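The values are calculated or read from the model by the stated rules, or taken from the named source; none is laboratory data. Just so it is clear, the model here is predicted, and its values are computed rather than measured. Reconstructed Cβ throughout: ideal geometry from the backbone, glycine too, with neighbour counts over all protein chains shown.
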């Protein structure tokens, strides 16, 4: 139909609609301008209009299955005693379907290898391992594996079907409330505790693999590349990186060995994402200083030795944080902690203050001995002051990090304190009668320092960190 | 809307995904085979996407226009797949759900409608668009008028015309068809 013909038809139809049914035909004949074809067409359209009833008036109704599984190639497909309802998702390692187990009448998640890889012996073995690995873990935060099925040569894992959405969906909507983020992270940590205790490393933790049910329960799924402890179970060739780069720990990225701490790293990335709404490596992400980000930060240390060493440790830190939410924004420092901080600051001042008398002592003693004594005090002061100020700062701004920071600093601090005290006493003795005041000061401070380090500091430390060495 | 309105095609995957997600949610809550109005699905998708930090679409009608297009594509794709499955002669594939669907829904034949609508769009895209918004997006006459930027009275007339033409086109398809060919 030509455009102008259509326009005439339309005008005539719309005009005729305005007329009463009795005068319509006459009106059409008058306005069709002798074009009989056009008049017939309009009449036919009007008849269609009059008999159309509710045609198209009610918006289309849909079966949610049609929309949810819009990309499936056909309607429901039977596989053994399972009826596939729709595809939940797919990745390089497999396709996950929502299916119904017709024997037991329940919904299951059915995971299979992509058809192209279905005959790959290595991948089939990996899927079997995944089933066994996940089946080993009995925990409410890990999706339960029901069965490993081989139907018509295809391998399937049937597992608990989790109703809900992924953590990715939630993060995509912006930062989570801090308490909620911590509680989700704690649930993931619990799942990891169970998995790690069973000797299983997830190795591909990411928000897509964390499901949140409508009842807010957390389920970790997809132990797809999980690795069971032991050498013979490795399926990836050495040096081959497996996982999702954005959540892979540095050691995993270079194809090194993954262990519990690899999963802890991924948990840290997810916690940061929950708190900020963005991946920690995204440009411009500077999480506000808080204890919660401190936990995430420690999980994400490049050196695995500097992370929490087990999921249980992470869980403890998260639970402590959840119990004391007020710590998050305004770290309420207990008075015992205040004393400990004061102690660190005071010792730093003494360290620095003793450099001047020791300089005088150096001149009096003279020669190599004088220099050696001064250098010893200087070195002790530099190390001692740096570490103490670092601890003081950490206590103020990253309280969650403190336990760990103290652990690292303790050895060095002990050494510098001992050196400091010893060097002062020696300096005092060497100066002797030449400058009695300097000598007395050096010896007095040296003895005071020794007793302070031996007695007072352990006391303030005990008071400040009573009960929980790890915050 | 203005020039900053993103191209609908680029937003399709986003809307499509959201519709799928919501539909999957419904499936988990409801008994299998339960149907719902597309309007409900589209509205829920709108509410969810509108809550996002960076709203990717200009306003509700802009969103519905995209959602309606998605919905049409989804349903057509599905209907085609179903037809192919039946022709493929695999008796296994026709399930109880399929049987229920056929009897329970008052929907018109989606494939026939899609075909007719595609034909209509070749000579009157505006009318085809209105049908899409009304039927697949569930917009009222007033909302449709807002979406296309004209008056409700005009849209009402256009809707009547489109409905009559489509009805004829679909009915004639089964017998001769030549009659409805414009």
* Asked: Got a number for residues in the range A:184-217 being under 12 Å from the mean Cα position of the chain (by Cα) and either outside any loop (DSSP other than H, G, I, E, B) or over 15 Å from residue A:269 (Cα atoms) (or both)?
  -> 10
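At pLDDT 90 or above, surrounded by fewer than 18 Cβ atoms within 10 Å (Cβ to Cβ) and either on the phi < 0 side of the Ramachandran plot or in contact with a strand residue (DSSP E or B) (Cβ under 6 Å, 6 or more places away or on another chain) (or both): is that true of residue A:386 in this structure?
On the way: at pLDDT 90 or above: yes; surrounded by fewer than 18 Cβ atoms within 10 Å (Cβ to Cβ): yes; either on the phi < 0 side of the Ramachandran plot or in contact with a strand residue (DSSP E or B) (Cβ under 6 Å, 6 or more places away or on another chain) (or both): yes.
In short, yes.
State the number of residues belonging to the range A:424-448 that are over 17 Å from residue A:349 (Cα atoms) and more than 53 Å from the chain's Cα centre (by Cα).
Matching residues across the range A:424-448 total 16.
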* Filter pass, residue A:349 being assigned to a helix (DSSP H, G or I) and closer than 25 Å to residue A:455 by Cα -> yes
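Could you identify the single residue in B:79, B:84, B:51 that is over 26 Å from residue A:80 (Cα atoms) and either modelled with pLDDT of 70 or more or under 22 Å from the mean Cα position of the chain (by Cα) (or both)?
The conditions single out B:51.
Tell me which residues, restricted to the range A:133-170, are assigned to a helix (DSSP H, G or I) and either touching a strand residue (DSSP E or B) at 6+ places or on another chain (Cβ under 6 Å) or closer than 18 Å to residue A:96 by Cβ (or both). Break it down into steps so the answer makes sense when it comes.
At the first step, the residues of the range A:133-170 found to be assigned to a helix (DSSP H, G or I) are A:133-136, A:167-170.
Passing the criteria: A:133, A:134, A:135, A:167, A:168, A:169.
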